[in-house]
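Each remark here refers to the structure printed beneath this line.
None of the figures in this text is laboratory data; all of them are computed from the coordinates on show. Fair warning: this is a prediction, and the values are worked out from it, not measured in the lab. Counting neighbours? That spans all protein chains shown, and the Cβs are built from the backbone with ideal geometry, glycine included.
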Amino acid sequence: MFDLKGKTALVTGSSQGIGKEIAKALTDCGAKVFAHGSRRSEKLDAAAEYIGAAGIVTADLTSADAADSLYAQTGGVDILILNASIQYKRPWDGFSSAEVDTQLDCNLKSTYYMMKTYAPYMKEKGWGRIVTIGSVNQYNNHPELLLYGATKAAQMKLVQGVAKSLAPFGITVNNIAPGAILTPRNDEALADKEFYDKVVASIPAGYVGDPKDMNGAALLLCSDEGKYITGSEIIADGGMHL
Ligand SMILES: NC(=O)c1ccc[n+]([C@@H]2O[C@H](COP(=O)([O-])OP(=O)(O)OC[C@H]3O[C@@H](n4cnc5c(N)ncnc54)[C@H](OP(=O)(O)O)[C@@H]3O)[C@@H](O)[C@H]2O)c1
């Protein structure tokens, strides 16, 4: 099960957190994985070593030429995990225009450009897997994460439409929507006991997720075992969306 030998993969935002664990899980199943961060750093190098990555690539996904730049570094890949995102917490009317643009560019527009750039190689091969990482905030209305949630909900719409177009070519396109997961993004906030208890109280399973808790969903969607699943979503949130 979940044999990915002979497959190549790119996991965006695999310098830490969920992306790093998914990249390691893909490597452990035999894939050759490119680790990615917005820029070269010791953190990215250490993550690449942990992953056992076949290569390290960098691009700032808020930049319009990021998809072309990444493709020039990786060439075609069989598995594309679009995991990197930017999240600002503000009251709904408190975002600067730069913050609006940055979130839309990284979380939504880059997903479109990355799919568009990487799909032709998959079409030619007659096999491909694209997995976006969404969020429970596609469903919940966190008062300070509305814009972030909107980018993730729009990304899901993109997943469904592109899945329909790419299904005849043996390519599946799906989304994983994590709930509250302990990653560098929120470890400082979750270190506050009052906040932590409030978050846990909102999760029916009764605990904050580990980044590795996304691996099962990712492996299913990236392997032959998941070939008949497309335009779908796995919400991996301990029931937080309910
Ligand atoms: N953690 C959660 O509770 C949670 C919940 C729901 C959904 N999610 C989603 O799950 C995914 C991973 O979350 P995470 O918590 O693991 O994230 P994280 O710890 O904040 O890591 C973000 C990753 O994205 C990369 N990144 C950030 N801005 C970038 C940019 N402009 N260009 C290129 N790469 C960029 C970072 O690379 P560098 O550091 O090298 O820039 C890093 O590898 C995200 O899509 C997030 O929205 C997370």
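Listed by first and then second residue, the pairs linking a residue in segment 178-196 that is closer than 17 Å to Lys43 by Cα to a residue that is near the ligand (Cβ under 9 Å from one of its atoms) and part of a helix (DSSP H, G or I), with Cβ atoms under 7 Å apart and 6 or more places separating them unless they lie on different chains, are Thr183/Gly17; Thr183/Ile18; Thr183/Pro211; Pro184/Gly17; Arg185/Gly17. Applying the condition of being away from the ligand (no atom under 11 Å from the Cβ) and part of a strand (DSSP E or B) to segment 34-79 and asking which residue is surrounded by the fewest Cβ atoms within 10 Å (Cβ to Cβ) yields Gly55.
Of all the criteria given as (1) closer than 24 Å to Met1 by Cβ; (2) out of contact with any strand residue (DSSP E or B) (no Cβ under 9 Å at 6 or more places or on another chain), the one not satisfied by Ile133 is (2). Within segment 91-109, residues that are more than 14 Å from the ligand (Cβ to nearest atom) reach partners that are not in a loop (DSSP other than H, G, I, E, B) with beta carbons closer than 7 Å, at six or more positions or on different chains, in the pairs Trp92/Leu146; Phe95/Leu147; Val100/Leu147.
Rundown of residues vs (1) more than 14 Å from the chain's Cα centre (by Cα); (2) more than 29 Å from Leu4 (Cα to Cα); (3) within 10 Å of the ligand (Cβ to nearest atom), yes/no style:
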| residue | (1), (2), (3) |
| --- | --- |
| Thr151 | no, yes, yes |
| Gly161 | yes, no, no |
| Asn174 | no, no, no |
| Ala177 | no, no, yes |
| Tyr196 | yes, yes, no |
| Leu220 | yes, no, no |
| Lys227 | yes, no, no |
| His241 | yes, yes, no |
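Scanning segment 18-33 for residues that are in contact with a Lys or Arg (Cβ under 6 Å, 6 or more places away or on another chain) and within 15 Å of the ligand (Cβ to nearest atom) turns up just one, Glu21.
Quick one: in segment 1-17, of everything that is surrounded by fewer than 24 Cβ atoms within 10 Å (Cβ to Cβ) and outside any loop (DSSP other than H, G, I, E, B), which residue is nearest to the ligand (Cβ to nearest atom)?
Residues of segment 1-17 that are surrounded by fewer than 24 Cβ atoms within 10 Å (Cβ to Cβ), as a first pass: 1-8, 16-17.
Those still in the list that are outside any loop (DSSP other than H, G, I, E, B) too: 8, 17.
Details: Thr8: 19, Gly17: 2 Å.
Of everything passing the filter in segment 1-17, Gly17 is nearest to the ligand (Cβ to nearest atom).
Just to be sure before I move on: is Ile22 touching a residue at least 60 places away in the same chain (Cβ under 8 Å) and either assigned to a strand (DSSP E or B) or on the phi > 0 side of the Ramachandran plot (or both) in the structure I sent? Spelling it out, it is not the case that Ile22 is touching a residue at least 60 places away in the same chain (Cβ under 8 Å) and either assigned to a strand (DSSP E or B) or on the phi > 0 side of the Ramachandran plot (or both).
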